[in-house]
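Here the structure comes first, spelled out in structure tokens, and everything after it is commentary.
The values are calculated or read from the model by the stated rules, or taken from the named source; none is laboratory data. Note that the structure is predicted; figures quoted are calculated from it, not measured. Don't worry about glycine lacking a Cβ; one is built from the backbone with ideal geometry, like all the others, and counts go over all protein chains shown.
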């Protein structure tokens, strides 16, 4: 029995507003401290927050955005889309047929274990340093977690669901599409989430190694030419993009998996 | 992670033999050397220390970064999880820093720490800090309140309750976080070596690419894969050993 007479004091203090304000206050305090330290030390490595902010506005509310941010995003989305389509389709198929899964699993586990950035040199060798290389490398990195998770999801479909479908005379293909695939969705989304963060990392790395534009190139180049506020501004932009992508992903996941969250015992 | 089933092993051998035959027949681009050449390069690199010394470098950087991240993440995670005011004070800053892709920190780290191994350790620690922090935090917050109330009713002081009730209960979640962090740490180790390294496996791979020593390059990549597989296996086993009593580890629940 939950102890109703004892309020859950351990978990709460103050009103929700006060609790959120505290978090924001700490961030503001940290920024003010940064500003003061930076002004006091006047080191070029630590520019004041205000300088970073003005540089950020100046750099990114300008055609720069189209030159560096848009190519990064397009490459990333292209690579991620390829990885998602291939990963989900192959993963569900592999997971649905047990013998196929047994055959391929060790091979896939090994491919997944390769740190994806290690294949960038291969990509450069085979396709040069253009867009295609980056898209391939991103797709390669994001593919394995998506594929392996989709396969696991399809493999662990509750038996009674498949049995029920069979009893009702649902054909093999229909079982795959209307029972296995939806049941594997929670696993698929877990893989897609990992894949997204890997794709994001891979775009930055591939642009640092072989590129003439894009955010990875921009940040590294800013550092090398001692354009330090620009470097910080680039990192801030990456943080904003990362945050937005993640929020968009969670919104989609929440919608698609609404049925699943309702079904599972504890909220995720 | 599954055991290596014999058919799976056969498949790997089969693919290797197939690629070998295709390469020998000249049906593959010259960018794909036959697997036998890659294995020979691997054996040679291991024997003459060319790869071995780089592996040592990679592993020590990896370990330093992961240990640093683990200590920080577990301490801060437990504090945030156990003390509401700490959680509320830090949550916004965590939410703001977490989405920054770790590799974006490489230029910043180079600026402050140069190109050597401290820079790599810092980036690795930054990258592997977040998953462990979040899972520690959730593990501590998800501790059954009844268990804590029981401890309090029996007169257990809060500090001891933290050690005897909260930590063991949160261990399941911490162990999972540690495994995720270890995987990320290895990826970031190789990445930093590739982008801004002067040693390590990632550096070796890019050196071999530039020297057009393709079998050695593939041997290096193969070895990072082996390393990744082993690290995952070790932490997976560790996870199941540490929390042998949890239903998930016993295989009762997926």
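List of remarks:
- Verdict on residue A:223 being more than 24 Å from residue A:139 (Cβ to Cβ), more than 9 Å from chain B (Cβ to nearest Cβ) and part of a helix (DSSP H, G or I): no
- For residue B:108: the one exception among (1) within 14 Å of chain A (Cβ to nearest Cβ); (2) surrounded by fewer than 19 Cβ atoms within 10 Å (Cβ to Cβ); (3) within 24 Å of the chain's Cα centre (by Cα): (2)
Table: residues versus (1) at pLDDT 90 or above; (2) more than 30 Å from residue B:161 (Cα to Cα); (3) in contact with a helix residue (DSSP H, G or I) (Cβ under 8 Å, 6 or more places away or on another chain); (4) within 14 Å of another protein chain (Cβ to nearest Cβ).
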{"residue": "B:24", "(1), (2), (3), (4)": "no, yes, no, no"}
{"residue": "B:36", "(1), (2), (3), (4)": "yes, yes, yes, no"}
{"residue": "B:41", "(1), (2), (3), (4)": "yes, yes, yes, no"}
{"residue": "B:70", "(1), (2), (3), (4)": "yes, no, yes, no"}
{"residue": "B:74", "(1), (2), (3), (4)": "yes, no, yes, no"}
{"residue": "B:86", "(1), (2), (3), (4)": "yes, no, yes, yes"}
{"residue": "B:90", "(1), (2), (3), (4)": "yes, no, yes, yes"}
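- With respect to being under 18 Å from the mean Cα position of the chain (by Cα) and in contact (Cβ under 8 Å) with a residue 12 or more places away in the chain, residue B:55 fits the description.
- Which numbered condition residue B:163 misses (of (1) out of contact with any helix residue (DSSP H, G or I) (no Cβ under 7 Å at 6 or more places or on another chain); (2) at pLDDT below 90; (3) part of a helix (DSSP H, G or I); (4) closer than 30 Å to residue A:157 by Cβ): (4)
- Those helices (runs of 4 or more DSSP H) of segment B:181-254 in which at least 2 residues are surrounded by 19 or more Cβ atoms within 10 Å (Cβ to Cβ), within 11 Å of chain A (Cβ to nearest Cβ) and at pLDDT 90 or above, considering only elements entirely within it, cover B:201-210, B:214-242.
- Condition check for residue B:57: modelled with pLDDT of 90 or more and either surrounded by 15 or more Cβ atoms within 10 Å (Cβ to Cβ) or within 13 Å of chain A (Cβ to nearest Cβ) (or both): yes
- Among the candidates B:147, B:142, B:151, B:161, residue that is surrounded by fewer than 18 Cβ atoms within 10 Å (Cβ to Cβ), within 14 Å of another protein chain (Cβ to nearest Cβ) and more than 28 Å from the chain's Cα centre (by Cα): B:147
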